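Chemist: Mind having a look at this structure? Questions to follow.
The values are calculated or read from the model by the stated rules, or taken from the named source; none is laboratory data. All values reported here derive from a predicted model rather than from experimental measurement. FYI the Cβ positions are ideal-geometry reconstructions off the backbone, even for glycines, and counts take in every protein chain you see.
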Amino acid sequence: MDVSQKEAKESLQAIQDVAAHMRRNVARSGSPYFMVLWGAIWFLGFLSSHFVDEAYLGWIWMPLVIFGSIFSAYLGYRFRSKVRSQIDLRFTYLWVAIMAYSAIWMWLAQPSTGAQASVLITCFIMFAYVVIGLWMEPVAAWVGLIVTAFAILVYLLIPEYYFLLMALLGGGALMLSGFYILRKWE
């Protein structure tokens, strides 16, 4: 079957229109706000982990995680009508599964340092980003892969700066990705 140049251009334009529509839907779904929120939490938490004595980190991370969870629930409620499918329910189930399996694997691995626990938790969360990227938008998968690789490399090669670099590049990558989606895809 021969396709004329005009038909090929029209088909390509239709594909580009669908991709642009999908990006606008992702930007309006609230996903970038979650990325900015959790990027900021990571930034503050990891920065604290670098500068604050390990004995006090629970008092810093726990309120950050509680705040993030409550604000995430609010964002989910606020943007629930923007998503026109059951995908929001799948996201909820995905995060519940990630948290449950994270707890099991943390219990089995029994990391001996805060940095080891942090790398594991980072990998669990970035795995969810990869899965979401496979479902929805490849940018999320790339963020997950890049942050995972970065976390492992920094942990292995320069562990004394792991927390500081995770604050800047881990939390920063999440925040910047969220801001990028909000600005460029709207």
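Chemist: Is there a residue being in contact with a Phe, Trp or Tyr (Cβ under 8 Å, 6 or more places away or on another chain) and more than 20 Å from residue 45 (Cβ to Cβ) anywhere in segment 108-119?
Modeler: no
Chemist: A further question follows. Of all residues in segment 134-168, how many are surrounded by 18 or more Cβ atoms within 10 Å (Cβ to Cβ) and without any contact (Cβ under 8 Å) to a residue 24 or more places away in the chain?
Modeler: Looking only at that region, the number is 4.
Chemist: So is residue 98 farther than 16 Å from residue 135 by Cβ, at pLDDT 60 or above and either outside any loop (DSSP other than H, G, I, E, B) or among the charged types (D, E, K, R) (or both) or not? Working first, answer last.
Modeler: Details: farther than 16 Å from residue 135 by Cβ: no; at pLDDT 60 or above: yes; either outside any loop (DSSP other than H, G, I, E, B) or among the charged types (D, E, K, R) (or both): yes.
Spelling it out, it is not the case that residue 98 is farther than 16 Å from residue 135 by Cβ, at pLDDT 60 or above and either outside any loop (DSSP other than H, G, I, E, B) or among the charged types (D, E, K, R) (or both).
Chemist: Okay, next question. For segment 123-140, name all the residues that are among the aliphatic types (A, V, I, L, M) and assigned to a loop (DSSP other than H, G, I, E, B).
Modeler: Going residue by residue through segment 123-140, those that are among the aliphatic types (A, V, I, L, M) are 125-126, 128, 130-132, 134, 136, 139-140.
Selection gives 136 alone.
Chemist: Test residue 81 against the stated conditions and say whether it is outside any helix (DSSP H, G or I), modelled with pLDDT under 85, loosely packed, with under 11 Cβ neighbours inside 10 Å and small (Gly, Ala, Ser).
Modeler: So residue 81 fails the test.
Residues are listed down the side, and each one gets a yes or a no for (1) part of a helix (DSSP H, G or I); (2) closer than 19 Å to residue 178 by Cβ; (3) in contact with a strand residue (DSSP E or B) (Cβ under 7 Å, 6 or more places away or on another chain):
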| residue | (1), (2), (3) |
| --- | --- |
| 76 | yes, yes, no |
| 89 | yes, no, no |
| 107 | yes, no, no |
| 112 | no, no, no |
